[in-house]
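Remarks on the structure that follows.
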Amino acid sequence: MGFLDGLRRGNDSAFDSGNAATNAIELTKRYAQVSLTKQGAATGNLRVNLSWRMRTSDLGGSRRESLLRHPLKALRPPEVIAHSQSMVNVDLDLGCLYELQDGTKGVVQPLGGLLGEVNGPPYVKLSGDDRFGSGSGETLYVNLDQRENIKRLLVFVYIYDQTPAFDRTQAMVTLYPGNGPRIEISLDERHPQARSCAVVMIENVKGEIIVHREVKFVYGFQGELDRLYGWGLQWGRGFKSKTGR
């Protein structure tokens, strides 16, 4: 059992349903929890999306700054630049530790091709593996029509086999319920040596589906997150396929 398992969640705070213009709820340290059941959004497929991009400072500065320093560059045709080395070295992956009501535990993640299943156990499926932070990012699907079979889901993000660089990305995990506003969790805390982050816990609490912001950075990988939250799985070294998706 992890030491956090014994901590009780506080009562739900009064929660603003988000900015009407953006139709979004932002989970923060102060407002960390929302009930999908109370929002009328605990049915259908819940999409959990990870997206990220490099900070501007890692991409060589803005074009305007470059032209001020080197005005003759304005006369040159624009260069076609592929992913820089700094971008290639940042490969964020989305995963999910799951525990079902019957005691079944496991993980859905790109490593090992453990992509899950949405219409059968564990009722969680990963769409694929985005290695460069494209616009679509990576997406998990959670079948909330099977919520009575789900006990808890821990959505996490980790850096695959490269230099720790959470502080060089602008990562965002967004939950898209079948109904109501989306839910956003920014990974904007500066932990330059962290390799993994527990982002959000989705729990079935006496029939109510609760989403709770975690955002706990660790310096290890999935095994350390497992110990932190008391999952009790056995972990070994895993590798991705060379083709990606």
Q: Restrict the check to the stretch 151-174 and report whether at least one residue is aromatic (Phe, Trp, Tyr) and under 15 Å from CYS96 (Cβ atoms).
A: yes
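If you scan the stretch 117-142, which residues turn out to be of a type in the set (Gly, Ala, Ser) and at pLDDT 95 or above? Full working, then the answer.
Of all residues in the stretch 117-142, those of a type in the set (Gly, Ala, Ser) come to 120, 127-128, 133-137.
Across the stretch 117-142, the qualifying residue is only GLY120.
Every residue, every condition in (1) within 15 Å of the chain's Cα centre (by Cα); (2) open to solvent by less than 30 Å² (accessible area, probe 1.4 Å), yes or no:
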| site | (1), (2) |
| --- | --- |
| GLN170 | yes, no |
| GLY180 | no, no |
| GLU184 | yes, no |
| ASP188 | yes, no |
| HIS191 | no, no |
| ARG195 | yes, no |
| ILE202 | yes, yes |
Q | Cβ-Cβ under 7 Å pairs, at least 6 apart or on other chains, the stretch 111-122 side part of a strand (DSSP E or B), far side modelled with pLDDT of 95 or more and open to solvent by 60 Å² or more (accessible area, probe 1.4 Å) | A | GLY116/LYS125; GLU117/LYS125
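The values are calculated or read from the model by the stated rules, or taken from the named source; none is laboratory data. This is a predicted model, so every value here is computed, not measured. Virtual Cβ from ideal backbone geometry, glycine too; neighbours counted across all protein chains shown. We work out accessible area using only protein heavy atoms, side chains counted, and drop any ligands, DNA or RNA first. Shrake-Rupley method; radii C 1.70, N 1.55, O 1.52, S 1.80 Å.
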